[in-house]
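Written out below as structure tokens is the structure these notes cover.
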Amino acid sequence: MIVTIICAIASLTVSVNYDMKDYLPEDAKSTISMEIMEQEFEGSVPTNRVMMNNVTIQEALAFKERLSAIEGVSDVTWLDDVIDIKAPLEMANKEEVDTYYKDETALFLFSIRAGEEVSITDAIYDLIGEENALAGESVNTATQQKMAGTESMYAAAMLVPIIILILVISTTSWVEPLFFLTAIGVSVLINMGTNFFLGEVSFVTQSVAPILQLAVSLDYAIFLLHSFSDYRKKVADPKEAMGLAMKKSFSAIAASASTTFFGFIALSFMNFEIGADLGINLVKGIVLSFISVMVFLPALTLIFHKWIDKTAHKPLLPSFKKVGNAVLKVRLISLILVFLLLIPAFLAQSQTDFTYGVGDQPESTRTGSDVSKIKEQFGESTPIVLLVPKGDIAKEEELVQELERTDLISSVVAYVNKVSAAIPPEYLDTSITEQFYSKNFSRIILQTETKNEGEEAFQLIEKVEQTAEKYYGKEVYAVGESVTLYDIKNTVQEDNKLVNFLTIITVAFVLLLTFKSIAIPIILLLTIQSAVWINLSVPYFTDSTLVYVGYLLISIIQLAATVDYAILLTDAYKEYRSEMTVWEAVKKTVDEKIFSIAISASILSSVGFILWLTSSNPIVSSIGLLLGRGAFLAFILVIFFLPAMLLIFDKVIRKTTWKANFYKEK
């Protein structure tokens, strides 16, 4: 309890990082490009936009000065930075003018200092009022920071009563659920507090890890206290009963924890370090939950075991004794249905339309509404900053002219077209040239007509880089939100292959050691992996997009978290198979274990759906939806498909299992 209190206080000092680009590997091209730009130039990429309605040119210029005066706002760009506004606008390039000023509506681009997004965006909202609009990368970050704490509290307020209700109907004591929650709650608080030594955690970890740890490891406490309850009926001394319960349940808890542990360790090998950040936290959480259940929970239970006796009640749910027979009757239908779905689901789950960033807020929010207003007036617009070697003015002019002719580029701002290629930059004041030239590089700012991600945006990035490399070779660097998301896409797609392979291999190894069988790990992995593929194929068949980070994480999390259901059922089947026929063993296994598996799956599914309902962050929300649906699908397949597989492949299991000792019919 002392450690818990210290860690609860320490958890308040852990900072949360909402910037996805910080989790790209150091050798990613966009990371290197950003570092070079920060070294060479004072300004950053203007990834935020303000739209002011009903303003004249002079009013827009006055607003630009007031916006620039806000502490933390920099690189404010408007029409006067692109054309000479003293000349009639009708004489200027219409496409360039319409990028910044259209129908007496002005659009300003600017940067916000990292780390102070909330206070700076609040100041901008005060300046522009309700009738104007603000959008951008920093605005999304500020919105997520504001919502994160509120949403976590809201999720907990919804989740805890649901879990208590599920536990109450699954036990025979009114206070037993509090023991479960206390044991795991203590480990969750210690886990969050020990993040103090990591310095900071990602917003995904902050939102998902505590709730996921609670849902995944609650089974350990249930295993122990159910075993303790059984031994209380046989042994008078509670201490002796607890000692026996700890010995009896240790192997089951250890096997359950091991598969989850190794599954989550695979996340740590992701190059996109949000996976590693979440993986480290979940691995730490599983270890702490295991220690809490085997050390803290027995002590807590022995001190307050009389409360369990005093608050005992009759079972609140009916018996499930006839379920096994019904499951075996539909075994062929279950097998045929799953095998028919398997190949389409496997193919579809990788063909979904993916997004790689956090995405826009719903239109019901101020942020989402403002984004919609700006798009309606000015269309899509995403800036890209291009850095090329300084020195060859003629080559730079050729590049700029080719970029100006490129489709989907609405504006190009460079020294050669906004000052003059005929004037050597060293003849001018540095206040004029510093935005275009550093010691080693020339900076060219492009305004594109694409979203910040998607096939069109990514193809344009490739086109821009290829065009620049035609003139300068590989010494070309691109910076911008779309460039970062392009790198995230390439990084996480590579991660997908490695991490899925590691997860399956490590879980298979644990299953091999647990069951001492070759066939059983294959059957169990096929069952859970089928549930994963069916789950991840739903967005394809419903024609909806899926956040790729959520897709990648859930493919590991669902396998690691729900393989326990298959282990629990198969362990009982193997035990009963030594003393009865395969039909009787499978039937009895389903009858006895469906309740425990249903409780575990309902908790994990509730956790997922509540994360989906309460989170405004698309990554967290998608993880929640996939987790909720995935836990439910895993339950269905473990109860219907796995028993059918065990029945049909019983002879194969017997021949490929070391010392199977299966019952032989006379």
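None of the figures in this text is laboratory data; all of them are computed from the coordinates on show. Small disclaimer: the values here were computed from a predicted structure and weren't measured. A quick note on method: Cβ atoms are made from the backbone with ideal geometry, for glycine too, and the neighbour counts reach across all protein chains shown.
The simple spin-label model puts a point 7 Å past each Cα toward its Cβ; for Ala8 and Ile518 those points are separated by 5.4 nm.
Per-residue 3J(HN,Hα) values for segment 82-99, derived from phi via the Karplus relation 6.51 cos²θ - 1.76 cosθ + 1.60 with θ = phi - 60°, read 10, 10, 7, 6, 6, 7, x, 5, 5, 8, 7, 5, 4, 4, 5, 4, 5, 5 Hz in sequence order (x marks Gly and Pro).
Rounded if a/c is under 1.5, else prolate if a/b beats b/c, else oblate: with a ≥ b ≥ c from the C-alpha gyration tensor eigenvalues square-rooted, which is segment 416-502? Verdict is prolate for segment 416-502. Dipole check for segment 95-174: with +1 at the C-beta of Lys and Arg, -1 at the C-beta of Asp and Glu, and the Cα centre as origin, the magnitude is about 760 Debye. Modelled spin-label separation between Glu494 and Lys86, with each label point placed 7 Å from Cα along the Cα-to-Cβ direction: 5.2 nm. By the compact-protein rule of thumb, 2.2 N^0.38 Å, the alpha-carbon radius of gyration of segment 151-205 corresponds to a ratio of 1.40. Membrane-span-like helices in the chain, defined purely by DSSP H runs whose alpha carbon atoms cover 24 Å or more axially and whose average Kyte-Doolittle hydropathy reaches 0.0, are 137-170, 176-194, 203-232, 238-267, 273-291, 331-348, 481-515, 519-541, 548-577, 582-614, 618-636. Here the chain is treated with +1 on each Lys and Arg Cβ and -1 on each Asp and Glu Cβ, and its dipole about the Cα centre works out to around 5920 debye. Amide H contacts of Val76 (H built 1.01 Å from N, in plane; Pro and chain starts excluded): Ser111 sit under 5 Å, all sequence-distant by 5 or more or on other chains. Computed extension gain for Glu95 through Met153, at 0.36 nm per residue and net of the alpha carbon distance, reaches 16.1 nm.
The Cα atoms of segment 403-448 cover 34, 19, 16 Å along the three principal axes, with the biggest extent listed first. Positive-end ranking of Ser600, Pro618, Leu552 along the dipole of segment 549-638, with charges on Cβ about the Cα centre, is headed by Pro618.
In terms of other Cβ atoms within 10 Å, Trp307, Trp583, Trp78 run from fewest to most in the order Trp583, Trp307, Trp78. Placing +1 on each Lys and Arg Cβ and -1 on each Asp and Glu Cβ, with no other charges, gives segment 588-663 a dipole about its Cα centre of roughly 360 debye. For Asn17, nonlocal amide neighbours, meaning residues 5 or more places apart or on other chains whose placed amide H falls under 5 Å from its own, are Val201, Ser202, Phe203. Distance from the Cα centre of segment 93-120 to that of segment 487-546, in angstrom? A separation of 44 Å, based on Cα centres.
Each principal axis of the Cα cloud of segment 499-619 was taken in turn, and the coordinate range along them, longest first, works out to 53, 30, 23 Å.
Taking every C-alpha pair closer than 8 Å and separated by at least 6 residues, the mean separation divided by the residue count of the chain gives a relative contact order of 19 percent.
When every Cα-Cα distance of segment 62-129 is counted in 10 angstrom steps from zero, the calculated P(r) takes the values 18, 46, 26, 9, 0 percent. Exposure proxy ranking for Met153, Met51, Met1, based on other Cβ atoms within 10 angstrom of each Cβ and starting from the fewest, stands as Met1, Met153, Met51. Across q = 0.06, 0.07, 0.10 Å⁻¹, the chain modelled as identical point scatterers on its alpha-carbon atoms has Debye log10 I(q)/I(0) values of -0.43, -0.56, -0.94, in the order of the q list.
As a calculated quantity, the FRET efficiency between Lys306 and Ala421 at R0 = 56 Å, using C-beta atoms, amounts to about 0.05. Identify, among Ala457, Ile9, Ile291, the residue whose Cα sits farthest towards the positive end of the charge dipole of the chain, taking +1 on the Cβ of Lys and Arg and -1 on the Cβ of Asp and Glu, with the dipole about the Cα centre. The Cα lying farthest towards the positive end belongs to Ile291. With neighbours defined as other Cβ atoms within 10 Å of a residue's Cβ, the residues Ile444, Ile636 order from fewest to most as Ile636, Ile444.
Here the label points at Glu575 and Phe269, each 7 Å from Cα along the C-beta direction, are separated by 3.3 nm in the simple model. Tell me whether segment 236-358 comes out rounded, prolate or oblate; compute the Cα gyration tensor, take square roots of the eigenvalues as a ≥ b ≥ c, and use a/c under 1.5 as the rounded threshold. Oblate, since a/c reaches 1.5 and b/c is not below a/b. Relative to the compact-globule estimate of 2.2 N^0.38 Å, the Cα radius of gyration of segment 594-666 comes out at 1.62.
Computed with the Debye formula from one identical point scatterer per Cα of segment 15-148, without solvent, the log10 of I(q)/I(0) at q = 0.09, 0.11, 0.14 Å⁻¹ comes to -0.31, -0.46, -0.72.
Across all Cα atoms of segment 460-517, the radius of gyration (one decimal) and Dmax (whole number) stand at 20.1, 62 Å. For segment 78-180, taking Cα atoms only, Rg and Dmax work out to 25.5, 84 Å respectively.
Averaging 1/r over each pair of different alpha-carbon atoms in segment 496-553 and inverting the result gives 12.9 Å, the Kirkwood hydrodynamic radius. Can you pull a Stokes-Einstein diffusion coefficient for segment 560-624 at 25 °C (0.890 mPa s), Rh from Kirkwood over Cα pairs, as a whole number of µm²/s? Reported coefficient: 181 µm²/s.
Taking 41 Å as R0, compute the FRET efficiency from the Cβ-Cβ separation of Trp583 and Leu342 and round it to 0.05. Given R0 = 41 Å and the Cβ-Cβ separation, E is 0.95. By the equivalent-ellipsoid construction on the alpha carbon gyration tensor, segment 291-400 comes out with semi-axes of 60, 31, 21 Å, ordered largest to smallest. Distance from the Cα centre of segment 157-221 to that of segment 398-477, in angstrom? Measuring centre to centre over Cα atoms gives 51 Å.
Computed over the Cα atoms of segment 354-457, pair by distinct pair, the Kirkwood hydrodynamic radius stands at 15.8 angstrom. Anisotropy class assigned to segment 240-284 is prolate, per the alpha carbon gyration tensor with a/c at or over the 1.5 cut-off and a/b larger than b/c. If you wrap the tightest convex hull around every Cα atom of segment 92-249 and split its volume per residue, you get 186 Å³. Distance from the Cα centroid of segment 581-620 to that of segment 346-394 is 37 Å (rounded to whole angstrom).
With a Cα-only, solvent-free Debye model of segment 174-249, what are the log10 I(q)/I(0) values at q = 0.18, 0.22, 0.26 Å⁻¹? Debye intensities relative to I(0), on a log10 scale: -0.77, -0.95, -1.14. DSSP assigns beta bridges within the chain; of those with both partners inside it, close to 85 percent run antiparallel.
Taking only alpha carbon atoms, segment 1-84 gives an Rg to Rh ratio of 1.20, where Rh is the Kirkwood radius.
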